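Worksheet: the structure to be examined is printed underneath.
A short reminder: the numbers here are calculations on the coordinates, not readings from a lab. The structure displayed is predicted, hence computed values, not measured ones. Please note: Cβ atoms are built from the backbone with ideal geometry, for glycine as well, and neighbour counts cover all protein chains shown.
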Amino acid sequence: MYPILGDERVYVMASNEISSNSAKQLTKMWENQTMTGATSDMVHHVLQEAIVSHILEPGQRLTEEQLAGLFAVSRTPVREAIVRLEAEHFAQRIPRRGLVVSRVTPQDIVDVYIVREANDGLAAFLAAQHATPADVSNLEWINSQFGAAATGAAENMHQLVTLNLQFHEALAESSNNTLLLNIVKQVHNVVRRFGSTTFRKSGRAETSAVEHARLVEAIKAGDAERARQIAVDHMATARRIRILMLEQEDSTPV
């Protein structure tokens, strides 16, 4: 366990029925997606995206009947989709309530950072061996956009988070390892649920841009071990900041 307070925070349940506003957003997401593949896959995609983007909040009950009605599909693909969400820990089964959107605990957040340290370290190590000039140019371009947004961090939090995840996914893509890229994307879906960002710490966004640039230089130089260490240190710093944020949140009177 890590020094995090408040692992047993009260879990406030949302109402049984999905709100009319959330229902409208779900219906719009369903209508706007490309209708290809198995119906259960499409339902899963919409629900997962709704959870990570906070359209469906923790505690919201996921009922086959209501969701099938919103998407105008049978209950079978909905059932298959929400069982997948449970297996992926986006939903959990609560006695007398059924499946609800899961919460992200403080320990979950720290666990994610530990996994990100390992993933990014491996991605950087492999990228230094396999990245193409186009891969390096892409990393440099994303980080330039990130650096520009960092100059006005307080007003650009959403953009910073989006660009940061793009940078780390581009890093994984540069590793030339499809499995690693898929794992990184799965982890990022959890990151998107956090609701706050370490970039709120003064100067963190600017420092991250510098660390990204150092990482790209190591990859460009083909120095795999240096690239790995920079990536691990970068994420370890983010983890330490996140732990401090969690402890401060836990000590704040409510």
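Extension gain for residue 96-residue 114 works out to 3.1 nm (0.36 nm per residue, less the C-alpha to C-alpha distance). Note on residue 159 and residue 225: the extension gain reaches 20.7 nm, defined as 0.36 nm multiplied by sequence separation minus the Cα-Cα distance. Derived scalar couplings between HN and Hα for the range 48-54 equal 4, 5, 5, 6, 5, 9, 6 Hz in order, rounded to whole Hz, by the Karplus curve 6.51 cos²θ - 1.76 cosθ + 1.60 (θ = phi - 60°), x for Gly and Pro.
Note on the range 127-254: Rg/Rh from C-alpha atoms, Kirkwood Rh, equals 0.99. Note on residue 151 and residue 86: their simple-model spin labels are 5.2 nm apart, each label 7 Å out from Cα toward Cβ. Distances between placed amide hydrogens fall under 5 Å for residue 91 paired with 86, 102, all partners being 5 or more residues away or on another chain.
Converting phi to 3J(HN,Hα) with the Karplus coefficients 6.51, -1.76 and 1.60 and the offset θ = phi - 60°, the range 87-92 yields 5, 8, 6, 8, 9, 9 Hz in sequence order, with x at every glycine or proline. For residue 24, no lysines have a Cα falling under 19 Å of its own Cα, not counting residues fewer than eight places away in the same chain.
Residue exposure proxy: 161, 43, ordered by other Cβ atoms within 10 angstrom of their Cβ from fewest to most, comes out as 161, 43.
Given R0 = 35 Å, the distance between the Cβ atoms of residue 104 and residue 130 translates into a calculated FRET efficiency of 0.60. First obtain the Kirkwood hydrodynamic radius of the chain from its Cα pairs, then insert it into the Stokes-Einstein equation at 20 °C and 1.002 mPa s, and state the resulting D in µm² per second as a whole number. Using the Kirkwood radius from Cα pairs, D works out to 109 µm²/s.
One chain, two ends: residue 57 and residue 137. Fully extended at 0.36 nm per residue, the span grows by 25.0 nm beyond their Cα-Cα distance.
Between residue 76 and residue 179, the modelled labels are 3.3 nm apart [label points 7 Å from Cα along Cα→Cβ].
The aspartates and glutamates whose alpha-carbon is closer than 18 Å to the alpha-carbon of residue 220, local same-chain residues fewer than 8 away aside, are 120, 135, 140, 169, 173, 211.
Residues 109, 183 in ascending order of nearby Cβ atoms (within 10 Å, fewest first): 183, 109. By the helix-only formula, in which each DSSP H run with n ≥ 4 contributes -39500 (n - 2.57) and the sum is divided by residues, the chain has a 222 nm mean residue ellipticity of -22500 deg cm²/dmol.
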